[in-house]
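The values are calculated or read from the model by the stated rules, or taken from the named source; none is laboratory data. Everything quoted here is computed from the prediction, not taken from an experiment. So basically every Cβ, Gly included, is an ideal-geometry build from the backbone, and we count neighbours across all protein chains shown. Ligands, DNA and RNA are stripped out before the accessible areas are found, and what is left, the full protein with its side chains, is counted by its heavy atoms. Shrake-Rupley method; radii C 1.70, N 1.55, O 1.52, S 1.80 Å.
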Amino acid sequence: MKPSIPIDETHRRPTAQLEVPPRLLLGPGPCNAHPRVLQALTMRQVGHLDPCFLEIMDEIQTLLRYAWQTHNEVTFPVSGTGTAAMEATLANIVEPSDVVLVGVKGYFGHRLVDMAGRYGADVRKISKPWGQVFHLEELRQALETHRPAVLALVHAETSTGAKQPLEGVGELCREYNCLLLVDTVTSLGGVPLYLDAWGVDLAYSCSQKGLGCPPGASPFTMSPRAFEKLQARQTPVANWYLDLNLLCKYWGRDRTYHHTAPINMNYAFREALRLVSEEGLEQRWQRHQATAELLWDGLSDLGLECHVKREFRLPTLTTVRIPDGVDGKAIAQTLLHDYNIEIGGGLGELGGQVWRIGLMGFNSRPENVLLLLAALKRVLHQ
Ligand SMILES: Cc1ncc(COP(=O)(O)O)c(C=O)c1O
């Protein structure tokens with residue numbers, strides 16, 4: 001039999017070797033991966049049950065516990081992007097009709113609401129204007145009113161650039177006998193995080209932001225308290241691929257086949273985590289803070305205003321108000337086409353109102369800030 005689906009005209013020419021422009025990724029993520037991470041990505045493969053790979057898996061778990069400051073046994077990367085790790089968290093912890101209280105103050109809070117509802121949760125919402133954060137007393141009142149099984153908060157809301165303070169929230173959750181679930185997608189590797197000390201029971205993240213790796217391996221962790229809830233489930237986890245009972249047999253001692261782990265992605269992820277430990281967490285957090293402050297001061301010199309109050313600003317992601325009369329989209333396009341610099345536009349409610357500038361992982365360096373500010377100044381004056 002002959003192939004019946006022909007290659008169309010546009011693809012008939014001998015295809016050229018793949019080329020991509022040398023972008024500087026200063027948007028909401030991904031950021032540019034560290035060269036050592038890219039090098040690790042291209043190393044030759046071994047099998048996903050090879051003793052060498054099993055050792056790599058162990059190393060990844062140890063390094064990830066360090067990055068998150070947790071002793072949680074169940075700590076590993078989910079194969080997929082941050083949303084897959086988010087889904088793993090909710091699919092495993094939510095049983096139909098569990099009350100899940102979500103703090104919504106941006107786009108990703110809404111995603112948590114949507115996802116928890118799909119797993120049958122009785123979802124309750126508390127909301128704040130986009131760019132603001134919840135105070136401890138507001139959380140206490142909401143826990144008192146709703147008595148949830150799980151409180152879900154976004155630590156680093158990428159749509160607004162606001163950082164949710166977490167000190168004291170874990171204790172509050174223990175007082176109300178509920179689990180604390182935290183989205184750390186835009187904080188891990190760039191913003192101080194002490195999961196155990198803060199009493200966080202469930203957290204997830206991604207590889208492509210503060211960890212400076214391409215997207216595709218997404219950290220997940222679960223405390224012993226959360227694991228007890230998983231063990232006590234009356235209903236099976238409604239997502240086979242992300243069922244932790246099965247995944248733990250691969251990432252835990254059994255080493256039973258579950259799915260074919262993305263080998264090279266895990267090489268890269270290990271290298272990204274190794275860079276975190278080499279630099280040291282505190283130094284890394286300080287670097288992100290110092291680079292962000294350089295940006296904030298430079299933006300202010302250009303007459304631009306940040307959307308979030310300085311005390312709640314994320315060092316990894318800054319939202320900048322687009323001045324009246326300026327076409328924000330056109331500016332971002334010019335930066336991309338003329339200077340190879342990517343920045344992001346507003347998401348959801350802040351669409352058209354802000355630019356989003358990410359300084360994450362390998363990209364959080366003063367030279368990138370100075371380049372962006374110089375380019376932005378020229379483009380704004382044109
Ligand atoms: C706070 C937050 N949560 C979840 C996600 C989803 O991650 P991903 O796009 O890697 O699936 C993102 C992505 O930017 C995010 O910023």
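Worth pointing out:
- Cα→Cβ-extended label distance, 7 Å offset, between Lys309 and Gln141, nm: 1.6 nm
- Table column - 3J(HN,Hα) (Hz), the range 85-99, Karplus curve with 6.51, -1.76, 1.60, x for Gly and Pro: 5, 4, 5, 4, 4, 6, 4, 7, 8, 8, 10, x, 6, 4, 7
- Taking each residue as 0.36 nm, the span from Glu228 to Glu167 lengthens on full extension beyond its C-alpha to C-alpha distance by 19.6 nm.
- Three-way shape call for the range 279-382 based on the alpha-carbon gyration tensor, with the a/c threshold at 1.5: prolate
- Asn239-Glu73 FRET efficiency (beta carbon distance; Förster radius 30 Å; 0.05 resolution): 0.90
- At R0 = 25 Å, FRET efficiency that the Cβ-Cβ distance of Glu293 and Tyr194 yields, to 0.05: 0.70
- DSSP bridge pairs, the chain: antiparallel proportion in percent, nearest 5: 50 percent
- Kirkwood-based shape ratio for the range 257-326, expressed as Rg/Rh from alpha carbons: 1.20
- Pairwise FRET efficiency - Gln39 versus Leu246, Cβ, R0 = 41 Å, nearest 0.05: 0.80
- Applying 0.36 nm per residue to the separation of Ala16 and Thr256 and subtracting their alpha-carbon distance, the gain on full extension is 82.3 nm.
- Interchain or long-range residues, amide H under 5 Å from Glu157's placed H: Ala162, Gln164
- Rough spin-label spacing in nm, given labels placed 7 Å along Cα→Cβ, for Ser4 and Leu371: 5.1 nm
- Counting only protein chain heavy atoms and rolling a 1.4 Å probe, the accessible areas of Leu246, Leu350 rank, largest first, as Leu246, Leu350.
- Remark: accessible surface ordering of Tyr66, Tyr119 (largest first) is Tyr66, Tyr119, probe radius 1.4 Å.
- Relative contact order (%) - criterion: Cα under 8 Å, at least six apart; region: the chain: 24 percent
- At the residue level, Ser277 shows approximately 50 square angstrom of accessible surface with a 1.4 angstrom probe and all protein chains present.
- Surface accessible to a 1.4 Å probe, Lys128 within the full protein complex, Å²: 40 Å²
- Shown for the range 35-277 is the translational diffusion coefficient from the Stokes-Einstein equation, using the Kirkwood radius over Cα pairs, a temperature of 10 °C and a viscosity of 1.306 mPa s: 88 µm²/s.
- Only lysine pairs 8 or more places apart, or on different chains, with alpha-carbon atoms under 29 angstrom apart are counted in the chain, and they number 28.
- Accessible area of His146 in the full protein assembly, 1.4 Å probe (Å², nearest 10): 50 Å²
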